[in-house]
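Chemist: Below is one structure. I have some questions about it.
None of the figures in this text is laboratory data; all of them are computed from the coordinates on show. None of the values given here were measured: they were computed from a predicted structure. Reconstructed Cβ throughout: ideal geometry from the backbone, glycine too, with neighbour counts over all protein chains shown.
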Ligand code: ADP
């Protein structure tokens, strides 16, 4: 049973584990793809922003060139207005072709020979649009980077417009972050410095350098990098995607805590594992139930059947349950009880038969040898005649016994066919016919009284019913003393005729009143002298009465002796 359950459960567990693993993989793949899309969106937004800055710088530069007055105060005011209109701009500077700051919205910058303009050489070498990496502004002391644009006239460098970007204000240029608690994104410059971090916008400058094994390094070289378990400084693992900002040589990244990604599949896995454990437990409990409630009783039945085949009829299942198995056990126990009864009946029969047959045989043998002795002694035949009569009586008794045994066997084989001889008859006639020889036989020494007032017509086999009443009267004589009364009553009660034979004999122990109708059953009465018998008479009577659709029973007389009853349905045309 357990093996069967394992055979069913193991593939389910394997299948289930595969489903859980594939759900994990799906969730991670989905998040890697979504991270890449988001990093690309950041990249596009930032590139657009820088393009916008270069375009603004061009218009600022051209405005300054076209301003004929070159009034520093007016230009400064113009630059202040421009800077104020865009929150990401910290400062705007107009430098001359030598790189010296001439005008600025911020007076501290004017006249500076900017040492930070690493890109200045690029402009001198002919590039128009350049950008710096992240650095700490000397003016504001904040991390910043510069976007600069060369302003040329007929190919001749006239000046450079430079915008310093407030990195803390960059948030507004990016698309809204993904709906997630732990997702973040950012920008990395060419030196591997975090220019902007969505999760920590005011990150200290000293902490902005990314780790040497950081995936963004590869993106700075042009690769799209996707890592599902990147370990960050605090030890947690994040799913990280970084993409190159191809035109600008920077990188954008998007990341999310791996625990958040696998939270849903994890929860699903936990609940399905719990369900699976529950199912497995239920299966085992069911197996246990089956073993205890079905297999065990079946084993008990099997053992009991084996015991019976070894002729041990004492075995019982003793099931206390009410279901089908309980019924089977009950039927089995009844069967064994019956077999046990039959077996003990068989043994009793052999003993009784041997005992009962031995008596007439012994007396026949004795009488026969006496007769032969007398004949050899030449004694007169007159004396021998009495012996011959006794011999005849003993032979009759023997044949009666044998007939009864044969009849009982016939009954047990269910072969008696009485229906063919059935006809409507008056039970009074049956009783009269039976009682007559008993009354005439003076050796009976019994006072017979018959009470019958009206006809009692039943449908039956005259001879068989006569056998029953004869057996009752025989027993009444057998189990009572000389000169006692035997009363036979015939009464009508509603639709039945009830015939009873009452004696004043030894009576029957109350607990054996039913048993005396079983085959070979004889009351064991140690105190009284046993008149002998086979215990078959009442068994045969019961069978005959049942075949007539009637009932048979015995009661003890209140004063003394017993009453035997038969009840037969009255004949209706
Ligand atoms: P048996 O040949 O032994 O009489 P029966 O089947 O006629 O067989 O009777 C079964 C047993 O019932 C008898 O052995 C006897 O113990 C008891 N029995 C029958 N009739 C009477 C009776 N009238 N009084 C007392 N006991 C009786």
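Chemist: If I model a spin label at residue 393 and residue 409 as a point 7 Å from the Cα along the Cα→Cβ vector, what separation in nanometres do I get?
Modeler: So the label points at residue 393 and residue 409 sit 2.9 nm apart.
Chemist: May I pose another question? Got a sec? Which residues in the stretch 440-477 would a label at residue 432 touch, if it sits 7 Å along Cα→Cβ and we count backbone N under 12 Å?
Modeler: Taking a point 7 Å out along Cα→Cβ of residue 432, the residues of the stretch 440-477 whose backbone N falls under 12 Å are 452-456.
Chemist: Suppose R0 equals 60 Å; then what is the FRET efficiency for residue 180 and residue 296 from their Cβ-Cβ distance, rounded to the nearest 0.05?
Modeler: 0.55
Chemist: I would also like to ask the following. Quick check: the angle from helix 462-478's long axis to the longest principal axis of the chain, C-alpha only, nearest 10 degrees?
Modeler: Tilt of helix 462-478: around 80 degrees.
Chemist: Using helices alone, what [θ] at 222 nm do you get for the chain, with -39,500 (n - 2.57) per DSSP H run of 4 or more residues, divided over all residues and rounded to the nearest 500?
Modeler: Counting only the DSSP helices, I get -16000 deg cm²/dmol.
Chemist: Calculate, for residue 483 and residue 530, the FRET efficiency according to 1/(1 + (r/R0)^6) with r their C-beta to C-beta distance and R0 22 Å; round to the nearest 0.05.
Modeler: 0.55
Chemist: Arrange 12, 130 by Cβ neighbour counts within 10 Å, fewest through most, would you?
Modeler: Placing the least packed residue first, the sequence is 12, 130.
Chemist: Here's a follow-up. Between residue 342 and residue 359, what length comes free when the chain is fully extended (0.36 nm per residue of separation minus the Cα-Cα distance, one decimal in nm)?
Modeler: Working it through step by step, the gained length comes to 3.6 nm.
Chemist: What nm distance separates the two modelled labels at residue 15 and residue 510, each placed 7 Å from Cα along Cα→Cβ?
Modeler: Once both label points are built, they end up 6.8 nm from each other.
Chemist: On to the next question. May I ask you to compute the full-extension gain from residue 203 to residue 383, defined as 0.36 nm times their residue separation minus their alpha-carbon distance, rounded to one decimal in nm?
Modeler: That pair, residue 203 and residue 383, stretches by 49.9 nm at full extension.
Chemist: Measure nothing fancy, just the Cα-based angle from helix 324-377's long axis to the longest principal axis of the chain, in degrees from 0 to 90, nearest 10.
Modeler: The angle comes out near 20 degrees.
Chemist: Averaging over every viewing direction, what projected area does the convex hull of the Cα atoms of the stretch 347-411 cover, in nm²?
Modeler: Convex hull of Cα atoms, orientation-averaged projection: 4.6 nm².
Chemist: To test your reading of the geometry: what angle, between 0 and 90 degrees and rounded to tens, separates the Cα axis of helix 537-547 from the longest principal axis of the chain?
Modeler: The angle comes out at about 60 degrees.
Chemist: Counting only the backbone N, which residues of the stretch 249-269 are under 20 Å from the spot 7 Å out from the Cα of residue 237 toward its beta-carbon?
Modeler: 254-269
Chemist: Given R₀ = 22 Å, FRET efficiency for residue 33-residue 213 by Cβ-Cβ distance, to 0.05?
Modeler: 0.40
Chemist: Simple spin-label model, 7 Å along Cα-to-Cβ: residue 84 to residue 495 in nm?
Modeler: For residue 84 paired with residue 495, the spin-label model returns 12.2 nm.
Chemist: Here is a further query. If I stretch the segment between residue 139 and residue 273 completely, what's the gain in nm (0.36 nm per residue apart, minus their alpha carbon distance), one decimal?
Modeler: Result for the pair: 42.2 nm of gain on full extension.
Chemist: Further question: Sort 248-255, 261-268, 358-365 for me by packing, meaning the mean count of neighbouring Cβ atoms within 10 Å per residue, highest on top.
Modeler: Averaged packing, sorted descending, gives the order 248-255, 261-268, 358-365.
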